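The values are calculated or read from the model by the stated rules, or taken from the named source; none is laboratory data. Bear in mind that the values here come from a model prediction, so they are computed numbers and not experimental data. Here the Cβ is made from the backbone with ideal geometry for all residues, glycine too, and neighbour counts use every protein chain on show. Note: accessible area is taken over every heavy atom of the protein model, side chains too, but ligands, DNA and RNA are not part of it. Shrake-Rupley method; radii C 1.70, N 1.55, O 1.52, S 1.80 Å.
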Amino acid sequence: MIGIIGGYGDVGLEAARAFVKLGKSNLKIGGRNPQTVSDEIKSEFSNAAWVAVDINDVQSLASFCQNCKLIVNCAGPSSKFSVRVAQLCLEKGCHCVDSGTDDKLAALQQESNRTAVIHAAGAIPGLSGLLPRWLGTSFDKVDSLISYTGMLADFTPSAAEDYLAGVMEANKPLAAWQDGECSIGVLRKQKAELPFFPREVTVYPYFDKETEFVAKSLGLHDGKWYLVNEGSRVAALLEEISIQFLTEPKTAVERICQASKLDAAGREKYLKFIIQLDGLINGSKTTRTLVLQAQNPSAVIGSATAAAGMSVLAGIVPAGVRPFSEIANLNIVVDTLQKLGCQSMFKIFELSIEQLLQPIEGEL
């Protein structure tokens, strides 16, 4: 049985839908108030049990984990719950996949001699690290990387807290990978035009543990990562909110939630990855750009979490605690994502990002 904590939220429900599509319908879907789930949603999951679970109550969590081979945690914020859920799974001997992450999870490594714990199994971090590694498998040698990740959606409070923690705490300021090492303060926030974005955007340099792992695993000489913000309100708020997030986190979260709603009002939601690699294939200099577009960010995150879970259940992920982006069987994960069909575009172009700005018949 697969247990999904936070299963009544958008990401949890999308993860449940993904598991059903993949033939795993024996689900235990947990949240605080099962009675609030509509009959329409329940009808999608004929074999599922809708169970009350309080993530703040260890006994409630322990009861929920009974008879589960895999626990999927979609409850947030990650800084409050990821370690708690993973620790309990280790004690109960069931595997764990978490759409979120927490630096303190690394301390559990010594306790996971027979259990797999996969964290950061979402979009950012998660696919933002796994996709460039997968694209890199088609190269004999990769020299450089440019990556843009953009999302337009309403933040929930827990998602906003995780987002701010990543941007404000995990991010090395204005950093890039230069000459085979991390260099701080070398990039700048800037306005940019990007392919597949309908209007000018603001791009923010982003560099954390995941990007550093990608740089080292690909053997990059140079690498630049950016978060893309299309709306004006979140972009403006990020300029002033860093200190407030440290001193008044609740207020900062409320403000970023409101800003995201205003930015997204009247627009189609999306999640987009644009990743360019330059290197050698069969001795020739080659540029390839991967574009992933989706209109439902929650579906992508839920699908990524389910793909990680399927890898664990298939026994292809060894025991241990590791981020999703660091797993070895990249082709299986990407094949699973494509099978789930959560994206409107998943394509590799033999063109640079700059060349993709030019109109391409049939593509724009």
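Does F207 satisfy being within 24 Å of K80 (Cα to Cα), modelled with pLDDT of 90 or more and out of contact with any helix residue (DSSP H, G or I) (no Cβ under 8 Å at 6 or more places or on another chain)?
Numbers: within 24 Å of K80 (Cα to Cα): yes; modelled with pLDDT of 90 or more: yes; out of contact with any helix residue (DSSP H, G or I) (no Cβ under 8 Å at 6 or more places or on another chain): yes.
Here the answer is yes, as F207 does meet what is asked.
In region 93-151, the residue that is nearest to the chain's Cα centre (by Cα) out of those that are of a type in the set (S, T, N, Q) and assigned to a strand (DSSP E or B) is T149.
Only one residue in K28, K80 is charged (D, E, K, R) and open to solvent by less than 60 Å² (accessible area, probe 1.4 Å). Which one? Full working, then the answer.
Working: K80 fails: open to solvent by less than 60 Å² (accessible area, probe 1.4 Å).
Within the list K28, K80, the selection yields K28.
Look at E240 and say whether it is under 20 Å from the mean Cα position of the chain (by Cα), closer than 18 Å to N171 by Cα and open to solvent by 20 Å² or more (accessible area, probe 1.4 Å). So E240 does not fit the description; no. Scanning region 3-36 for residues that are of a type in the set (V, I, T) and touching a Phe, Trp or Tyr at 6+ places or on another chain (Cβ under 6 Å) turns up just one, I29. Kindly evaluate A160 against the criterion of being farther than 22 Å from A264 by Cα and either among the polar types (S, T, N, Q) or open to solvent by less than 20 Å² (accessible area, probe 1.4 Å) (or both). Answer is no for this residue. Look through region 210-237, keep the residues that are closer than 23 Å to G136 by Cα and free of Cβ contacts under 8 Å to residues at least 40 places away in the same chain, and return whichever of them is farthest from the chain's Cα centre (by Cα). Per the stated criteria, the residue is K216. All conditions in (1) under 17 Å from K28 (Cβ atoms); (2) among the basic types (K, R); (3) open to solvent by less than 50 Å² (accessible area, probe 1.4 Å) hold for K92, with the sole exception of (3).
Of everything in region 230-247 that is more than 13 Å from A259 (Cα to Cα) and among the hydroxyl-bearing types (S, T, Y), the residue that is modelled with the lowest pLDDT is S242.
Is one or more of the residues making up region 263-270 open to solvent by 30 Å² or more (accessible area, probe 1.4 Å), out of contact with any helix residue (DSSP H, G or I) (no Cβ under 6 Å at 6 or more places or on another chain) and farther than 26 Å from S344 by Cβ? No, the conditions are met nowhere in region 263-270.
Whether any residue in region 56-74 is among the hydroxyl-bearing types (S, T, Y), open to solvent by less than 50 Å² (accessible area, probe 1.4 Å) and without any contact (Cβ under 8 Å) to a residue 40 or more places away in the chain is what I want to check. Please lay out each step first, then the result.
We begin by selecting, within region 56-74, every residue among the hydroxyl-bearing types (S, T, Y); these are 60, 63.
Adding the requirement that they be open to solvent by less than 50 Å² (accessible area, probe 1.4 Å) leaves 60.
In the following step, the residues that additionally are without any contact (Cβ under 8 Å) to a residue 40 or more places away in the chain were identified as 60.
Yes: region 56-74 contains one or more residues that are among the hydroxyl-bearing types (S, T, Y), open to solvent by less than 50 Å² (accessible area, probe 1.4 Å) and without any contact (Cβ under 8 Å) to a residue 40 or more places away in the chain.
Looking at this structure, is K141 modelled with pLDDT under 95 and of a type in the set (K, R)? It would help to see each step written out before you state the result.
Numbers: modelled with pLDDT under 95: no; of a type in the set (K, R): yes.
Here the answer is no, as K141 does not meet what is asked.
Residues in region 184-205 that are part of a strand (DSSP E or B), open to solvent by less than 60 Å² (accessible area, probe 1.4 Å) and farther than 27 Å from G100 by Cα: A192 alone. If you go through region 1-23 and keep only what is surrounded by fewer than 19 Cβ atoms within 10 Å (Cβ to Cβ), under 22 Å from P297 (Cα atoms) and touching a strand residue (DSSP E or B) at 6+ places or on another chain (Cβ under 8 Å), you end up with just V20. Sort through V300, V334, V312 and tell me the only one that's under 22 Å from E91 (Cβ atoms) and either open to solvent by less than 40 Å² (accessible area, probe 1.4 Å) or in contact with a Gly (Cβ under 7 Å, 6 or more places away or on another chain) (or both). Being under 22 Å from E91 (Cβ atoms) and either open to solvent by less than 40 Å² (accessible area, probe 1.4 Å) or in contact with a Gly (Cβ under 7 Å, 6 or more places away or on another chain) (or both) holds for just one of V300, V334, V312, which is V312.
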